[in-house]
Protein chains: 2
Amino acid sequence: MDAVRQPKRSGAFAALDTMMPVVWIFVSAVSGLKAEDGGMEELTTEKEAEESHRQDSVNLLTFILLLTLTILTIWLFKHRRVRFLHETGLAMIYGLLVGVILRYGIPATSYHNKTPPSCSLKEGPVSTLLLNVSGKFFEYTLKGEINSREIHNVEQNDMLRKVTFDPEVFFNILLPPIIFHAGYSLKKRHFFRNLGSIITYAFLGTAISCFVIGNLMYGVVKLMQVVGQLTDKFYYTDCLFFGAIISATDPVTVLAIFNELHADGDLYALLFGESVMNDAVAIVLSSSIVAYQPSGANTHMFDASAFFKSVGVFLGIFSGSFVMGAATGVVTALVTKFTKLHCFPLLETALFFLMSWSTFLLAEACGFTGVVAVLFCGITQAHYTYNNLSAESTIRTKQLFEVLHFLAENFIFSYMGLALFTFQNHIFSPIFIIGAFLAIFIGRAFNIYPLSFLLNLGRRHKIKGNFQHMMMFAGLRGAMAFALAIRDTATYARQMMFTTTLLIVFFTVWVFGGGTTPMLSWLHISVGVDPDQDAGPCGDSFQVLQGDGPQAEGQSKTKQESAWLFRLWYTFDHNYLKPILTHSGPPLTSTLPAYCGPLASCLTSPQAYENHEQLRDHDSDFRNDSDLTFTFGDTAITANGASGGGADAAGGSGWSANGKRSGSTSEEALERELDSREQELLSRGTRLVFPIEDHI
Amino acid sequence: MDAVRQPKRSGAFAALDTMMPVVWIFVSAVSGLKAEDGGMEELTTEKEAEESHRQDSVNLLTFILLLTLTILTIWLFKHRRVRFLHETGLAMIYGLLVGVILRYGIPATSYHNKTPPSCSLKEGPVSTLLLNVSGKFFEYTLKGEINSREIHNVEQNDMLRKVTFDPEVFFNILLPPIIFHAGYSLKKRHFFRNLGSIITYAFLGTAISCFVIGNLMYGVVKLMQVVGQLTDKFYYTDCLFFGAIISATDPVTVLAIFNELHADGDLYALLFGESVMNDAVAIVLSSSIVAYQPSGANTHMFDASAFFKSVGVFLGIFSGSFVMGAATGVVTALVTKFTKLHCFPLLETALFFLMSWSTFLLAEACGFTGVVAVLFCGITQAHYTYNNLSAESTIRTKQLFEVLHFLAENFIFSYMGLALFTFQNHIFSPIFIIGAFLAIFIGRAFNIYPLSFLLNLGRRHKIKGNFQHMMMFAGLRGAMAFALAIRDTATYARQMMFTTTLLIVFFTVWVFGGGTTPMLSWLHISVGVDPDQDAGPCGDSFQVLQGDGPQAEGQSKTKQESAWLFRLWYTFDHNYLKPILTHSGPPLTSTLPAYCGPLASCLTSPQAYENHEQLRDHDSDFRNDSDLTFTFGDTAITANGASGGGADAAGGSGWSANGKRSGSTSEEALERELDSREQELLSRGTRLVFPIEDHI
């Protein structure tokens, strides 16, 4: 028995162990039944462990049944076409109900009324403590500080504490699949077309929102101090932190309805892009604010150097995570390209899954943000790796992440409902809550309207007033705000924030989520737009509906010029990255200079010559929407090729396997693209107009 | 700050937290840097938590990269058709290499040489301890007893302990998907055809093997005592426990090769069925042995009442788990039948996944064995629910569990490799190891040969000598033996068992796994049998190869009579269960007595009349092998219908929607089946012969 004695660990799933941190094994049972026999001792421990294991199973089972119930009700709602309540709202309601039952329905089972034995130490809390019991040493780990009033009724809140998950679970288990799926299922064409606006809203908009909310809340906090409602410290940095976490808008609820109703593709892209990207921005922003530690004694006032350090942290973490995500995506693309892994779809899917997961871990290990890295990994995987996967794996990977995303999302939302009643340290402050509600609307307004005005100065296809109102309305708060808020609930300020965030999530998901359909029709936003048919001239569909004619063609010249950066990127991506990383794109032998010939033909996959068109077709299967490259390639060939059906041959002959043609290839490809049906309208003004019309 | 202070929990995935139980945060860092300022204290804790979080990420990343490497090498091996080393063996080798690096490659990083502070208590180890630090209370949880020699060099084995997972992870996270997949992907026709033999091998065979090995090992232990090699207690029950855990044979390695080579279907079914079922038996057997607690002082000698109690426990747990699994399957079938969930494949897949998972939790919560429940749940889901799923969900569910199973399996095997070097308490006892190797061969021989002899007395299609040798040879030990052995490594005996089990797994997977292909050809076992073409007369393919003619037809009369139980079940299943639980099978209106008319038409789905044949076709898509029912149905209609292509119409007219026909329907269906091409050979003797020819 001189080994490390491992008492059987509880946890139906080991994750549970952490999720339900307090497996408060019945102390008196142990201390009471102590026998001198080692065997008896073992037995007791085993029984105890069994009991707690069983309890954990029951707890998790509760969640699973909750989810099952949610799924069945979702089906019923979908079946009956009920739209006033989305599945996320539903999950929250069920969570609330179970929370109420757990809180008030179950009588406190008093297995023991004893206070656990305590021992004194002057050194202060250490992580590991040894307990010496007549020569035998036992190892204890720090769980946390315990409220002195809780010491004497540990068993009363036993049940409630059991269903309290470790906040890190949200960050490390539930969010990554949701965010990865968002990146992976991005509708690239609409996304890239509106990239400029999306980035503006996500970065500038979130920063504006964060600061507006932060400052307003600081006012509210000052007011509370005056009225005497504030009982503990609440710093300016806390307010800014609240501004950051509450600025993360939720892509789930509104967009699910948009998808169902086939609402306008550009509005969808704007909302989706904004809310996905601003999650990433909000995470990094909040950790930058935490990192804001001015030197000197007064640790919560403004300090320029600390501020710039925070900005540096923001840029560092964001770009680091971006690079991490993109790098893993590129590595996966290379591996899938240069091995014949696609002959074994199972291996391929497993590899894809592991590589995407490793992004998260890699970023966390390097001190970056895993969730952000996973987002960009998803986008990279969709853009490159996806083209190399076998047909079976494309479906498999898509469906795998869809299921994971669905389960994780509903879990988070039902947990949110549960948390309202089971979280132990809520601080409901009416003034703070009302102030926060006002602040988020003002913050959102300062984000959307001024930025839309600025963007419209540059955009050829203006973001109409009704779109702006819809974006204003669609600023729901959801999983990310919750996960950020629950991450640290140690201080008074953070507890108040958590409670307020929870209420904001409830309100926005139920009221705004439920109001999406009426709002869409009230704002006369076109629904029933088939995304596949929406491949006509950019934004044409809604312009016609709005009664505006196409914008002046003269503008496109300036557009084209200001888009030089993106154009450069596109050319580079199309001519070099796609051919190097995937089986699609033109063969490198035709795009690289002649002296790179051997390298080029080494890197170019045989399929690039042969299956060029075929693979592009694959690519478009998935997204229900044509890929950027595909759109170009396809239309280029339609314009060039003699017959529409001979696309394959045309592609083959166009980039036949000689290493001589170089330099002008990119220009040629571009020119061909400009002849295309899709770009017809735009190319009247200039032959070098780009399909991405949207930028600042 | 009067809340429960939750230090940021470590764990890239929360599961990790448990998997890597000792996040031995640097004690001196805390106790050294103690500042009076609360802010500073917070900071230190946060930095510490961050560091440990990063470390966890690195550890998990190591595993992920290990798996990635394994996948790439598997691909290379498959690509080059290397068969001497299976992927599981490969995963173990990589695990071994990383284990060696962790053990010997990394210098012990001595962040601190201090012993953690200790405190004394006379009461003995309690689960929760409070630490009073100048009025503030901190909560500590028991991690386990610690070896007194380990107290002073905690940091040295820090790294090694970090990569040691909680054993329960194997049971609760990794095994369920593996076992569920085994049940769900069962090739039903071959399985049911050999059901009698499979059950015999699994129950009787495992029991024999367990007792033979247990007794032999008791001899070995006595020998060790005599030689003076045994330094601690080793009871008879420990030997039996070892017999139980080491009797669990692994279905993975050999069968993967069988599948690849398309080896004989009946041999496949025998091996697969035996190894899957005997996993379940071994789990329950081992917990029954643990439950064997004779009353009185001498707790490790034979006691009849305790023995029968153990047998009762065995039967109780086994049947309870079976019922649990079947019940969840039935509920899922009913839900998928009576809702139109199949319009939303994502919801359907999610529900299927959750229900299957809840089986596990339900069984654990009720004190049964989750893994066993999951096996039977998988079989039930495949038999009933599968017929109700949409086409998309059938593929989705199959692929989802395939990926999970693949990842879990490779993870276990690479972890096994790792454990050889990183597990802290190995006890290598040459005598015990050699004895164990001998004992498992003898045990396996006592299982296979006598039982095959007995079974052959009853079987019409004998299990030939070469099949018996192959079964003897294919008794690899794998994931289940490992998981059972690692579950409890507290005592000297258990540690020795764990080490021995690990070595046995290595040896059998490498040597026997690698030797499967040569062995198959050496034993002249037919390979390249296309499972889809193998739907001819039962077992015909190998009988012809063996040069034996078909068995005497006179036997079939006796067969038929002794199969009455199974026949009853089949009729019941086909006439009542299938129609009630699925969209397939004959309408209940035609099978239930007339007075049940309203109930029957309420329970019968409209599809049962309409899509009867169509749904059966679905069913067969998945398994690469025709389903039992399908085979019957199909051939029945081929025999009855005027044209082969008109199966749909024939099916529809045969069971047209009247509620009048009752009573004799089952007989009719049976007779139709007997006319079938498949049963031609058998039906000469009698018109009521059953296709399941295999029983004791």
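The values are calculated or read from the model by the stated rules, or taken from the named source; none is laboratory data. Everything numeric here is computed off the predicted structure, so don't read it as measured data. Here the Cβ positions follow ideal geometry from the backbone for every residue, glycine too, while neighbour counts run over all protein chains shown.
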Filtering the stretch B:338-350 down to residues that are buried (at least 23 other Cβ atoms within 10 Å of the Cβ) and either farther than 13 Å from B:S390 by Cα or not polar (S, T, N, Q) (or both), which residue is farthest from the other protein chains (Cβ to nearest Cβ)? B:E348
Which one is nearest to the other protein chains (Cβ to nearest Cβ) among residues in the stretch A:497-520 that are farther than 17 Å from A:V252 by Cβ and at pLDDT 90 or above? A:F498
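Could you check how many residues of the stretch B:416-454 are within 25 Å of the chain's Cα centre (by Cα) and either within 25 Å of B:L267 (Cα to Cα) or aromatic (F, W, Y) (or both)? Break it down into steps so the answer makes sense when it comes.
Of the residues in the stretch B:416-454, the ones within 25 Å of the chain's Cα centre (by Cα) are B:416-420, B:423, B:436-437, B:439-449, B:451-452.
Next cut, either within 25 Å of B:L267 (Cα to Cα) or aromatic (F, W, Y) (or both) only: B:423, B:437, B:439-449, B:451-452.
Within the stretch B:416-454, residues that are within 25 Å of the chain's Cα centre (by Cα) and either within 25 Å of B:L267 (Cα to Cα) or aromatic (F, W, Y) (or both) number 15.
Which is among the acidic types (D, E), touching a Phe, Trp or Tyr at 6+ places or on another chain (Cβ under 6 Å) and over 20 Å from B:F376 (Cβ atoms), of B:D232, B:D238? Steps first, please.
Details: B:D238 fails: touching a Phe, Trp or Tyr at 6+ places or on another chain (Cβ under 6 Å).
One residue alone meets the criteria, B:D232.
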Cβ-Cβ distance below 8 Å, separation of 6 or more or different chains: which pairs start in the stretch A:351-365 with a residue that is more than 7 Å from chain B (Cβ to nearest Cβ) and end on one that is outside any helix (DSSP H, G or I)? A:F352/A:L389; A:F360/B:A12; A:A363/A:T369
Return the total of residues in the stretch A:76-100 being over 21 Å from A:I178 (Cβ atoms) and at the interface with another protein chain (Cβ under 9 Å from one of its Cβ atoms). 2
Only one of (1) farther than 14 Å from B:F507 by Cβ; (2) crowded, with 17+ Cβ neighbours inside 10 Å is not met by B:G465, so which one is it? (2)
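Taking the stretch A:366-387 as the search range and keeping residues that are hydroxyl-bearing (S, T, Y) and closer than 28 Å to B:T397 by Cβ, which one is farthest from the other protein chains (Cβ to nearest Cβ)? Reasoning before the result, please.
Start the filter on the stretch A:366-387 by keeping residues that are hydroxyl-bearing (S, T, Y), which leaves A:369, A:380, A:384-386.
Keeping just the survivors that are closer than 28 Å to B:T397 by Cβ gives A:385-386.
Working: A:T385: 14, A:Y386: 17 Å.
Per the stated criteria, the residue is A:Y386.
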Run down B:T422, B:T394 and say which single residue is within 14 Å of chain A (Cβ to nearest Cβ), among the hydroxyl-bearing types (S, T, Y), surrounded by fewer than 24 Cβ atoms within 10 Å (Cβ to Cβ) and under 30 Å from B:Q229 (Cα atoms). B:T422
Only one of B:R487, B:R459, B:R494, B:R477 is within 24 Å of B:A280 (Cα to Cα), away from chain A (no Cβ under 14 Å), charged (D, E, K, R) and touching a residue at least 60 places away in the same chain (Cβ under 8 Å); which? B:R477
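Can you confirm whether A:A269 is among the small types (G, A, S), farther than 27 Å from A:L85 by Cα, in contact (Cβ under 8 Å) with a residue 40 or more places away in the chain and part of a helix (DSSP H, G or I)? Give the steps one after another, and end with the answer.
Values: among the small types (G, A, S): yes; farther than 27 Å from A:L85 by Cα: no; in contact (Cβ under 8 Å) with a residue 40 or more places away in the chain: yes; part of a helix (DSSP H, G or I): yes.
No; evaluated as a whole, the condition is false for this residue.
In this structure, is A:L186 among the aliphatic types (A, V, I, L, M), assigned to a loop (DSSP other than H, G, I, E, B) and buried (at least 20 other Cβ atoms within 10 Å of the Cβ)?
Numbers: among the aliphatic types (A, V, I, L, M): yes; assigned to a loop (DSSP other than H, G, I, E, B): yes; buried (at least 20 other Cβ atoms within 10 Å of the Cβ): yes.
Yes; evaluated as a whole, the condition is true for this residue.
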